[in-house]
Structures are given as C-alpha cells and as structure tokens.
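The values are calculated or read from the model by the stated rules, or taken from the named source; none is laboratory data. Not measured: the values here are computed from a predicted model. Every residue, glycine among them, receives a Cβ derived from its backbone with ideal geometry; neighbour counts consider all protein chains shown. Side chains included, ligands, DNA and RNA excluded: accessible areas come from the protein's heavy atoms. Shrake-Rupley method; radii C 1.70, N 1.55, O 1.52, S 1.80 Å.
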Amino acid sequence: MLPLLLFLVASAAVHHAAADVPPSNKLIFILAGQSNMAGRGGVTGTRWDGIVPSPDCSPSPSVLRLSPSLRWEQAHEPLHQGIDGNRTCGVGPGMAFANALLRSNGASGAAAIGLVPCAVGGTRMAEWAKGSELYTDMVRRAKVAVETGGRVGAVLWYQGESDTVRWADANEYGRRMGMLVRDLRADLAMPHLLLIQVGLASGLGQYTEVVREAQKSLKLRNVRFVDAMGLPFQDGHLHLNTQAQVQLGHMLAQSYLTYGHAHSRTPTAWWLQIVLACCFVLFRSY
C-alpha cells in the first residue's frame, strides 16, 4: 500500500511540474514602445474599468506572458501590469493580436504564443537607444524568452508620442528608429528580424506629422507599417480606447499573417546556396 501511495504522490508531483514547464516550440513576440502599446484602454485617471472584450482579449492556455520576474505564465489583461512601472494599465493590442493569430492558425505550428511585454509609458526614442536601461531590459527579456525554446516572430513597436514635443526629437526620429532596428537585429543575432511599427494616431506636441513621416519613410528590409490614425481615443486626444486597441491588435495580426508568416523561415545560408548551386551544375553535366 505504501509503495502505491508513494507512486501516486510522485506521479502527481511530476504532472504538476510538467504543467509549469512552458512549451519548447513557442512563437514569441516582443511588445515595446510607450503607453499605447502598454495599453490604456478602459483607463480613466488611475482606474481601469476591468472590461475585457470577449473573445478578442480573453485568456487562453495557448497564450503566455513573460512576467516581470522572467517566468512564463498564462497571459491576461492588463498584459503590461508590473512592466509599465506603477502606471495603471488597461487593454492594449497584445491579447487581441495573439488571439487573432490563434483563430487564423497563424502560429506556424507552435504549441503556444509567447508575449514579451516591454513597453513603458512616456518614453522618448532616445531612451530606447542601445546602452539605455529600456533597451538593455528589452534585449534581456527577449533572450530569456527563447531560452526555454521557441523563436521570435516579430517585434511589435508603438512609440513616438513623446517625440512630438521637441523639434530635435521629431527630427531625429527616423535615424534613431533605424539604429534601434539595426542594434536589435545585431544583439539578438537575427539579421532578418521582422519589426511591425504602428504609425502614430496622436502626439503630445506639435510635431506629430514629422514623426509620422519619419515612420512611413523608414526604408529597412522587414520593417512594416500599420497605421493607427483614425482609431478612437479613450481620453479624447492621446490614448486609444478599448475598441481601438482590439482593432489595432487585429491590424497587427493581419500584417504579420500577410508578411511575417510568409517570411518566417530562416533564409538559406550563403554557403549552402553555393553548395546547392554546385550540385545542380554537376547534376546537369551528367
């Protein structure tokens, strides 16, 4: 009787431990930028109304979040809670994005979608430069995310409202954004990393159009543009409301499905291309 009891206890412990281990074939997305990526949908002042649109933002066992303590857990709104300092977070685009991918079978055969929230409200592009605390933390979280298995599908980037205040920041936005993309690709050893940036729907200053033009004019391979202009606001002028965040999540998912999913395979290495070409020539000679 005692051996049987010990066996049952050990089996239960193994099952519990296995349940805590995330799938090794996750499709991972890094969510970065400022408050509209962190999510202010449903937030008034310092209070979130707690409304979670279903099924767009509902939790799913197949959608995970990398927590502030660098552990995988089931994702739920507010996705950036504990990441965006002590600010009150609400609905952002992340959960709607992930659920839209699941409904479209766009997870490329992965067992789960892993979301890595990194956005911090009120930040300028200069604060995301390589060497900064924000950049270092984002790279660290991205590297930890893939340690348990999986690959990064894309970076989802929504930032720039704070860069509309000063001409110097707005004028430098394109250059700084280009450097951010190049540095991320180098530090993550992903030269073809896809980045989907959201075009500003609002700004804190008078140079919103300058930043938007810089966003639209960024000519880098595997950088896509999704425009948030025209989506409804929570507070009348700056933060997207819950409905807009759900719609933005769908737009980001569509961008990934039509571009990123089709380009998700790692390009064939140059040396392998040469070997294959030589084999083809030899075969033709016979």
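Does E77 satisfy the criteria of being free of Cβ contacts under 8 Å to residues at least 40 places away in the same chain and not in a loop (DSSP other than H, G, I, E, B)? So E77 does not fit the description; no.
So, in region 219-234, exactly how many residues are in contact (Cβ under 8 Å) with a residue 40 or more places away in the chain and of a type outside the set (A, V, I, L, M, F, W, C)? Final tally of qualifying residues: 2.
Screening the candidates P55, P23 for the property of being outside any helix (DSSP H, G or I) and modelled with pLDDT under 95 yields one hit, P23. Search region 206-234 for residues being aromatic (F, W, Y) and over 18 Å from L252 (Cβ atoms), and hand back the single one that is farthest from the chain's Cα centre (by Cα). The selected residue is Y207.
Within region 61-94, being out of contact with any Leu (no Cβ under 8 Å at 6 or more places or on another chain), open to solvent by 20 Å² or more (accessible area, probe 1.4 Å) and among the polar types (S, T, N, Q) holds for S69, Q81, N86, T88. V181 - would you say it is part of a helix (DSSP H, G or I) and farther than 21 Å from Q234 by Cβ? It is true that V181 is part of a helix (DSSP H, G or I) and farther than 21 Å from Q234 by Cβ. Cβ-Cβ contacts under 9 Å between residues 6 or more apart (or on different chains), taken from a first residue in region 93-118 that is of a type in the set (F, W, Y) to a second residue that is modelled with pLDDT of 95 or more and part of a helix (DSSP H, G or I), are listed as F97/L248; F97/G249; F97/H250; F97/M251; F97/L252; F97/A253; F97/Y256. Yes or no: M229 open to solvent by 10 Å² or more (accessible area, probe 1.4 Å), assigned to a loop (DSSP other than H, G, I, E, B) and under 24 Å from I113 (Cα atoms)? So M229 fails the test.
When each of D163, D137 is tested for being open to solvent by less than 10 Å² (accessible area, probe 1.4 Å), part of a helix (DSSP H, G or I) and not small (G, A, S), the lone residue that passes is D163.
Restrict the check to region 109-132 and report whether at least one residue is among the acidic types (D, E), open to solvent by 40 Å² or more (accessible area, probe 1.4 Å) and at pLDDT 95 or above. Yes, the conditions are met somewhere in region 109-132. G85 passes every criterion in (1) among the small types (G, A, S); (2) within 18 Å of G249 (Cα to Cα); (3) out of contact with any helix residue (DSSP H, G or I) (no Cβ under 8 Å at 6 or more places or on another chain) apart from (2).
Listed here are the residues, each with its yes/no results for (1) open to solvent by 10 Å² or more (accessible area, probe 1.4 Å); (2) over 30 Å from G230 (Cα atoms); (3) touching a Cys at 6+ places or on another chain (Cβ under 9 Å).
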| position | (1), (2), (3) |
| --- | --- |
| R141 | no, yes, yes |
| G150 | yes, yes, no |
| Y158 | no, no, no |
| W167 | yes, no, no |
| P191 | yes, yes, no |
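In region 53-60, the condition of being open to solvent by less than 20 Å² (accessible area, probe 1.4 Å) and either within 16 Å of the chain's Cα centre (by Cα) or under 18 Å from Q243 (Cα atoms) (or both) is met by at least one residue.
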